[in-house]
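Each remark here refers to the structure printed beneath this line.
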2 protein chains.
Amino acid sequence: MKDVSIDTITQAFVDYCAKDTDPRTMFVLTKMVEHLHAFAKETKLTHKEWTRGLQFLMDAGKISDNERNEFVLISDATGLSSLVDMIGSQHEGTSSSVLGPFHILGAPDVPVGGDLKKDNDGATVVVEGKIRTPDGTPIEGAVLELWQTADNGLYSGQDKSQPEYNLRCAMKVGADGRYALTTVRPAPYKIPDDGPVGDLLRATGRDAWRPSHLHFIIVADGYRSLVTEVFPSDDIYLDRDAVFGVREDLIMEYIEQTDTSLLPRDLEVGTNVTVPYFKVDFDFVLVPE
Amino acid sequence: MKDVSIDTITQAFVDYCAKDTDPRTMFVLTKMVEHLHAFAKETKLTHKEWTRGLQFLMDAGKISDNERNEFVLISDATGLSSLVDMIGSQHEGTSSSVLGPFHILGAPDVPVGGDLKKDNDGATVVVEGKIRTPDGTPIEGAVLELWQTADNGLYSGQDKSQPEYNLRCAMKVGADGRYALTTVRPAPYKIPDDGPVGDLLRATGRDAWRPSHLHFIIVADGYRSLVTEVFPSDDIYLDRDAVFGVREDLIMEYIEQTDTSLLPRDLEVGTNVTVPYFKVDFDFVLVPE
C-alpha cells in the first residue's frame, strides 16, 4: 500500500504482516494496533501529547532495573494487571488477585497452627479456614503460602531490619483441609510513586496507597493454583486500591476477641496469642484443573 | 469501588481519578484505558502474553539511550507516529510525514541552485520546484531544509566517514518561490532491527526497510511549518515502508536525462552535474497558519 492515510493505516499494518504469521500473534497484534490507532483517532492525539507519552515510557525504562519494573507498575495502576488476572480466572472458586512484586521463593515450612508473629510488633491476628472444593470437600495436602507486610508496611526482603523470610511461610494442610496461623495485622502501603507512575497518579489526584492485605498462593495436585490476596473489611483504602486488586469475595472480617478459649486449640494455635487479638475466618475454594 | 470486576474496572479507573483533573488529560487517559482494557478483553489476553508484552517494553527501555529511542521506533513500526502525523496535518497543503531520528540542527545555508553532491558517490539528482500556496502563489523567503542518506544508506551524523553536515542544507527562496539543488540519489535503509522492534518485525514476516527518501522541513512566516519526506516512484520498498511514511502526494518521479541543456541554468544549477542525471520536479504547498 503506497498511499497510507488515516483511514487505511490500520489495514496497512495488517497487510504488511506475512500471511504465515502465527495466528494468535497476528490476532493479538491486530487488536493491539486497532485499539492503538482508534485511541489516537478518537482523541485526535497531538504531536505534543504523543511526545509526552513516549517520554513517559522512556522515563519508565530509565527507572527500571532488576529490582524495579515500572512497566508492571504502569500495568497495575491502569488496572491492566488486575483485568488480565480476572480474565484468566473466571470460575466458581476463590477470586485470584495480583501477585505483586514481593513474593520470594523458599518460604519456610510451618505446621498448621504455627506462629509467624514471633517478635513482630503489631496487632495479633489468628487466621483460620479451610482449603476446599466448591462443594465443601477438604483438599488434603494442599499447600498454602502466605506473605505479608510487617506493621511498618514493609515486606521482609524490602526491609533489611526484618529477619529473612519474616512473615512468610508455606503450610501443608491435612485431611480436614484446615489451616490456621498466628501473625500480625498487615499495614497499608504505597506503591512506588517516585517515578512516572507517581506522576500519573498525581496528575489524576489519585493516591498511591494499597489497602492492607495478606498474599496467598494455594497449590494442590489436580486443582488450578490460586494466587490471591485478602483484605480487611475496615481498611480505609479498600475502595481506592491503587492497583485495583479488591474483589468482594476477598474481603475478610477482622473480629476483635478477648477470649483465648475461642482459639482452635486442636490446631495448636495460640502459643503467642495475647488479648485482644483479631480472629479472621477465611476459606479458599479451588477448582479442578 | 470495593468489588472491581471485569465489567466495572474501566469505570473504576475513571472513578478513582479526581474530579478536578485537567479535562484533556482525563479525556486522553480515559480513552487510553478504555482501549487498553477492551484490547485485553477482546483478546482474552493470557498472563503469559501480558508478561511477554511487559518484557518487550523492558527490553525497549534497556536498549534505549540518548542516541536511540526504541519507544519511538515501536510507535513508528506500528504506524502510530504516521497516524499522529496525519491527524495533525489534515489540510490542502503537501502532506507531512515522519521527522525521523536523523535531523540535526545547524545545516549550512546553501543558495538556490547549490550543490550538495560534491564528492559523494551515487547517481546525480537535480531537484527543482516551487514553494507555494495552494493557489500557486510563490512564498517569498520560505526556507527549505533538506537532509538525506548518502549512497550507502547512512546519514552524516551516523556515518563518521562522511563530512559533518554532508547532504544537509538550508536554502532560502526568492520572490519566485523556486528552489533547486544538485545532490545524489538517497538509498533505502533499514530501521534498527537488533532490538525488540526487530523481533516484532521478524515475528510478523515484515522487513525493516524504508524506501529511499529526501527529508524536508519547510518554514515560512505566516504558514504552517511542513515536516515531510518524498519518495521515488520506482523504489522497491514503496509499498511496504517499515514506518508507514509514504503518501500519494509525496511520491516524486526520478526522470533520467542525458541533456544538461535542460537544467535550470537561471538558478545556477549544474556545476557538478554529469550525464546521465536524474531530474526531479516537486513543489511544496504550504497552508496559512
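The values are calculated or read from the model by the stated rules, or taken from the named source; none is laboratory data. Because the structure is a prediction, the values reported are computed rather than measured. Neighbour counts are summed over all protein chains in view; Cβ atoms, including those assigned to glycine, are modelled from backbone coordinates with ideal geometry.
Selection of the stretch A:249-286 for residues being charged (D, E, K, R), free of Cβ contacts under 8 Å to residues at least 60 places away in the same chain and more than 14 Å from residue A:180 (Cα to Cα) yields A:253, A:256, A:259.
The number of residues in the stretch A:233-267 that are assigned to a loop (DSSP other than H, G, I, E, B), among the aliphatic types (A, V, I, L, M) and farther than 21 Å from residue A:93 by Cβ comes to 5. Looking at the stretch A:149-167, is at least one residue at pLDDT 95 or above, touching a strand residue (DSSP E or B) at 6+ places or on another chain (Cβ under 6 Å) and not in a loop (DSSP other than H, G, I, E, B)? The answer is no; no qualifying residue exists. Within the stretch B:203-223, being modelled with pLDDT under 95 and either polar (S, T, N, Q) or touching a Ser or Thr at 6+ places or on another chain (Cβ under 8 Å) (or both) holds for no residue.
Against the test of being within 22 Å of residue A:204 (Cβ to Cβ), within 7 Å of chain A (Cβ to nearest Cβ) and exposed (fewer than 14 other Cβ atoms within 10 Å of the Cβ), the options B:15, B:20, B:3 yield a single qualifying residue, B:20. Applying the condition of being in a loop (DSSP other than H, G, I, E, B) and loosely packed, with under 15 Cβ neighbours inside 10 Å to the stretch B:269-281 and asking which residue is modelled with the lowest pLDDT yields B:271. Residue count for the stretch B:216-236 satisfying the condition of being surrounded by 19 or more Cβ atoms within 10 Å (Cβ to Cβ) and within 21 Å of residue B:78 (Cα to Cα): 5. Can you tell which of B:115, B:109 is at pLDDT below 95, in contact with a strand residue (DSSP E or B) (Cβ under 6 Å, 6 or more places away or on another chain) and either over 26 Å from residue A:40 (Cβ atoms) or not assigned by TED's automatic domain parsing to the domain that holds residue B:177 (or both)? Within the list B:115, B:109, the selection yields B:115. The residues of the stretch A:131-152 that are surrounded by fewer than 20 Cβ atoms within 10 Å (Cβ to Cβ) and under 23 Å from residue A:95 (Cα atoms), listed by number, are A:133, A:134, A:135, A:136, A:137, A:138, A:140, A:141, A:143, A:145.
As for the stretch A:38-60, it holds at least one residue that is touching a Leu at 6+ places or on another chain (Cβ under 6 Å) and facing another protein chain (nearest Cβ under 7 Å).
Residue-by-condition table, conditions (1) within 13 Å of another protein chain (Cβ to nearest Cβ); (2) more than 22 Å from residue A:82 (Cβ to Cβ); (3) in contact with a helix residue (DSSP H, G or I) (Cβ under 8 Å, 6 or more places away or on another chain):
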{"residue": "A:178", "(1), (2), (3)": "no, yes, yes"}
{"residue": "A:188", "(1), (2), (3)": "no, no, no"}
{"residue": "A:200", "(1), (2), (3)": "yes, no, yes"}
{"residue": "A:210", "(1), (2), (3)": "yes, no, no"}
{"residue": "A:236", "(1), (2), (3)": "yes, no, no"}
{"residue": "A:248", "(1), (2), (3)": "yes, no, no"}
{"residue": "A:251", "(1), (2), (3)": "yes, no, no"}
{"residue": "A:260", "(1), (2), (3)": "no, yes, no"}
{"residue": "A:269", "(1), (2), (3)": "no, yes, no"}
